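Data first, discussion second: the structure below is written as structure tokens.
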Amino acid sequence: MRDTGLRLLGRRDHSRLELRRKLSRRGHDDDVVRAVLDRFREAGYLDDAKFARSVVRRRASARGPRAIASELAALGIDRAAADAALAEFGPDEQLRSAIRLAERVYARRDSDQPLAYRDLLDLVGPKLLRRGFPETIVRQACRTVLDNPDQAPPTAI
């Protein structure tokens with residue numbers, strides 16, 4: 001079982017809960033799994049804080065802090081570690097990510113006619129909110145896209 005755990009960790013980082021679930025699903029005894037996970041943590045192979053930072057870095061380009069926090073909770077990351085990892089994804093980074101996503105949506109629309117702020121907010125806002133961005137970031141991203149329409153990427157042919 002130790003080899004299985006190391007093989008899983010060799011592919012990518014896992015949270016403690018995630019690795020425990022995978023090892024338990026393979027039929028390993030829960031007490032043995034916990035002992036092995038403790039040894040992995042002591043050896044530095046299993047670090048939920050490092051894993052949380054990794055998830056935030058990977059997801060930050062397409063998701064907002066609320067969605068990432070929800071994902072971290074589902075992966076068994078405690079609130080303190082999740083908050084520390086999300087602190088690195090500050091408002092400026094959130095705004096940059098939201099602007100990139102808003103520009104893509106703006107560029108894919110069918111019309112060449114410019115949109116009013118409210119129309120763009122109606123088009124882009126729900127998508128960004130579902131991706132976990134705060135309302136203030138959504139509004140700023142829409143305003144930025146309208147203020148700089150030339151920076152929006154060209155529509156795909």
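Checked against the criterion of being in contact with a helix residue (DSSP H, G or I) (Cβ under 8 Å, 6 or more places away or on another chain), in a helix (DSSP H, G or I) and among the hydroxyl-bearing types (Ser, Thr, Tyr), the candidates Thr136, Thr144 yield just one match: Thr144.
Taking the listed residues Phe40, Phe51, the one that is among the aromatic types (Phe, Trp, Tyr), under 28 Å from Ser15 (Cβ atoms) and in contact with an Asp or Glu (Cβ under 8 Å, 6 or more places away or on another chain) is Phe51, with no other qualifying.
Summed over segment 19-43, residues that are in contact with a helix residue (DSSP H, G or I) (Cβ under 9 Å, 6 or more places away or on another chain) and either surrounded by fewer than 19 Cβ atoms within 10 Å (Cβ to Cβ) or of a type in the set (A, V, I, L, M, F, W, C) (or both) total 15.
Here Asp122 clears all of (1) in contact with a helix residue (DSSP H, G or I) (Cβ under 9 Å, 6 or more places away or on another chain); (2) over 30 Å from Glu18 (Cβ atoms); (3) part of a helix (DSSP H, G or I) except the condition numbered (1).
With the requirement that a residue be in a loop (DSSP other than H, G, I, E, B) and either touching a residue at least 40 places away in the same chain (Cβ under 8 Å) or buried (at least 23 other Cβ atoms within 10 Å of the Cβ) (or both), what does segment 47-101 give you? Residues satisfying the conditions are Ala62, Arg63, Gly64, Leu75, Gly76, Ile77.
Every number in this text was worked out from the coordinates using simple rules, so none of it is lab data. Since the structure is predicted, the reported quantities are computational estimates derived from the model, not experimental observations. Cβ sites come from the backbone with ideal geometry, for glycine too, and all protein chains shown count toward neighbours.
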